[in-house]
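The block underneath contains the structure these notes are about, expressed in structure tokens.
The values are calculated or read from the model by the stated rules, or taken from the named source; none is laboratory data. Nothing here was measured: the structure is a model prediction, and the numbers come from that model. Ideal geometry is used to build each Cβ from the backbone, glycine not excepted, and the neighbour counts take in all protein chains shown. SASA here: full protein model, heavy atoms, side chains in, ligands and nucleic acids out. Shrake-Rupley method; radii C 1.70, N 1.55, O 1.52, S 1.80 Å.
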Amino acid sequence: MSATVPDSRMVALIMALRAAGIVDKQVLGALERIPREDFVAAGFSKRAYEDRALPIACGQTISQPLVVAMMTEALCLTPRCKVLEIGTGSGYQTAILSLLSRRVYTIERYRTLLREAEARFERLRLRNIVTRLGDGMEGWPEQGGFDRILVTAAAAQCPQALLDQVREGGLLVAPVGPPEQQFITVFRRDGDTFHQRQIAPARFVPLLGGVARTL
Ligand code: SAH
């Protein structure tokens, strides 16, 4: 880990997250320890501590800090959790997950994004992250069941392959619904049943099948 960011902008961001209803101290602590400016494109570092999504390479976005915090809180992570993340993107959410769980498996369909994210994990000495270039809609069957699965791209419905890879009693958090009506949804596995709960409206880039041909 690099030094904590001794930055008033970070302090202001954490206060804004608290004001917006994030109460989990572990989650707030993890956000405080990961320097978001290392994850945004060069021209955007001045805006890294604003509570907004920002563009990254390949036409994708780094999620808004409040959304990262909400989804992480909804996952109820423990240090024993084995986590699967779909949509590595910048790797920012992955880094937060890595501080709060045993191991994070993360899948991205753009090679460029994955390589950049891997370099960031290396720089921050985050050693419990395993990456894969591939189609996250298929999950990571060799490693399932997962205690937790987080999807950071939106689909009309949660892919069945991902639900199948949640262990009994485990949780999956994903933005679900049509483009203008997505909701961050929590699925809890109870045998073959999944109890669903919508926690907030959202606006994510789409979950797309296959590995990207470009980049
Ligand atoms: N958590 C990321 C958010 C990135 S945006 C961050 O904080 O930076 C969502 C990402 O999901 C994009 O990088 C996109 O390329 C990726 N994605 C979309 N469909 C995918 C799929 N089927 N498999 C893997 N990654 C996918």
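Quick notes on this structure:
- Coupling constants for the range 187-192 follow from the phi torsions by the Karplus curve (6.51 cos²θ - 1.76 cosθ + 1.60, θ = phi - 60°), and in residue order they are 10, 10, 7, 9, x, 9 Hz; glycine and proline get x.
- When both bridge partners sit in the chain, DSSP labels roughly 45% of those beta bridges antiparallel.
- The range 30-65-the range 69-140 distance, computed between alpha-carbon centres (Å): 15 Å
- A protection proxy built from the mean count of other Cβ atoms within 10 Å ranks the segments 76-89, 185-198, most packed first, as 76-89, 185-198.
- Highest average first, the peptides 33-44, 117-128 ordered by how many other beta carbon atoms sit within 10 Å of their residues are 33-44, 117-128.
- Measuring nothing but protein heavy atoms, the accessible surface of the chain at 1.4 Å probe radius is 50 percent carbon and sulfur.
- Close amide H partners of residue 155, meaning residues 5 or more places away or on another chain with modelled amide H under 5 Å apart, are 177, 207.
- Note on residue 51 and residue 119: their simple-model spin labels are 3.2 nm apart, each label 7 Å out from Cα toward Cβ.
- Counting only Cβ charges, +1 for Lys and Arg and -1 for Asp and Glu, the dipole size of the chain around its Cα centre is about 460 debye.
- Local net charge near residue 83, Cβ-Cβ under 9 Å (Lys/Arg +1, Asp/Glu -1): +2
- Förster-model FRET efficiency, 41 Å R0, residue 11 and residue 213, C-beta, rounded to 0.05: 0.45
- Rounded to the nearest 500, the helix-only mean residue ellipticity at 222 nm of the chain stands at -8000 deg cm²/dmol, with each DSSP H run of n ≥ 4 adding -39,500 (n - 2.57).
- Relative contact order (%) - the range 8-202, alpha-carbon pairs under 8 angstrom, separation at least six: 15 percent
- Kyte-Doolittle mean at least 0.5 and Cα axial length at least 15 Å: DSSP H helices in the chain: 8-19
- Sparse packing (at most 16 other Cβ atoms within 10 Å of the Cβ) combined with a DSSP loop state is found for the following GluC sites (Glu not before Pro) in the range 126-215: 142.
- Cα gyration tensor shape of the range 2-81, rounded if a/c is under 1.5, else prolate or oblate by comparing a/b with b/c: prolate
- Stokes-Einstein D in µm²/s, Kirkwood radius over Cα pairs - the chain at 20 °C with 1.002 mPa s viscosity: 125 µm²/s
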